Amino acid sequence: MNKIRSTFVGVLLALMANASFAEGVMNLITLNTNDPAGYAAWAKKSAPKLVEANGSMAMGLCSPTSGAQVIGDHYLWTFFESQEKAWSSDPNNPVVRAEVAKLDVDRTIRTWDSWRIVRPAAVTESGYYYNMYVETDDVAGYLTDLEGMIAEMDKRGYGVTMQVFVGDTGETVGTVMISLGAADGATLGRALDARTESWFTDIVAGFSAQRQIVHGFSMTCDTYAMAG
């Protein structure tokens, strides 16, 4: 296992180790720009300093490939190992201000929200993802049902990961966001094809929690920096 991959897996292990007394947090900025390449270049260069300055675990950028709420949206994400770490972060500290000052790209910040990481997955260098916003009155029951679903997919060798978030602020507070991911698009597509198979539909039909799918979207993501 090389150093980079070891560090990525380390994020997962750190979140799991803290599970008994803390939960991971994702700070998610939804921004809109007509210069995604320029924004990505800035984020990639500045991310190492921002991760260190904010005491976070990882930082990266996701770009929708379909289902964007607004064309031109992109998602700048930062993972923290706990609520304490996230709340201790100062977005106006001198290092952050200095790095933001270097950004010479027109952009509009549409939302800036916090999401609880209720089911972590290993952070990878890059990947393809299919996400859904789901509303339910029984989050715990829904999470249990999702665990059964991904377990069956693992048994059948689909090779996808599942990460689950719950909105903590803004219009998505209380919303469950499921993220299925894979290293390449074909693997993720093969897993999504399984939704037409009887074993999959039987599992979903057996979900005990009432839920409503609100929004679905696909995207590619890159990790730009990890804590040392």
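A few comments on the model shown:
- Relative exposure of K49, K85, judged by other C-beta atoms within 10 Å (fewest first): K49, K85
- For the pair the stretch 173-191 / the stretch 112-165, the C-alpha centres are spaced 7 Å from each other.
- Of (1) 29, 19, 18; (2) 33, 21, 19; (3) 29, 22, 13, the label for semi-axes √(5λ) of the Cα gyration tensor in Å derived from the coordinates: (1)
- Around E99: net Lys/Arg minus Asp/Glu count, Cβ-Cβ under 15 Å: +3
- Simple spin-label estimate for D154 and D222 gives 3.1 nm between the two label positions (7 Å along the Cα-to-Cβ direction from each Cα).
- Ranked for footprinting exposure by Cβ neighbours inside 10 Å, fewest first, R97, R195 give R195, R97.
- Once the C-beta distance of D193 and V214 is scaled by a Förster radius of 30 Å, the resulting FRET efficiency is 0.85 to the nearest 0.05.
- Additional length obtainable on full extension of the chain from D137 to V105, 0.36 nm per residue less Cα span: 7.4 nm
- Label point distance in nm, A183-A37, each placed 7 Å from Cα along Cα→Cβ: 2.8 nm
- Residues K45, K102, sorted so that the one with the fewest Cβ neighbours within 10 Å comes first: K102, K45
- Near A209, once Lys and Arg are set to +1 and Asp and Glu to -1 for all other residues with Cβ below 11 Å from its Cβ, the sum equals -3.
- Sites D90 and T144, calculated FRET efficiency, Cβ-Cβ separation with R0 30 Å, nearest 0.05: 0.20
- Local net charge near G148, Cβ-Cβ under 12 Å (Lys/Arg +1, Asp/Glu -1): -4
- The stretch 129-218: C-alpha gyration tensor shape, a/c 1.5 cut-off, then a/b vs b/c: oblate
Each reported figure results from applying straightforward, stated rules to the coordinates on display, with no laboratory input. The model shown is predicted, which means the values in this text are computed figures rather than measured ones. All Cβ positions, even for glycine, are placed from backbone atoms using ideal geometry, and neighbour counts span all protein chains on display.
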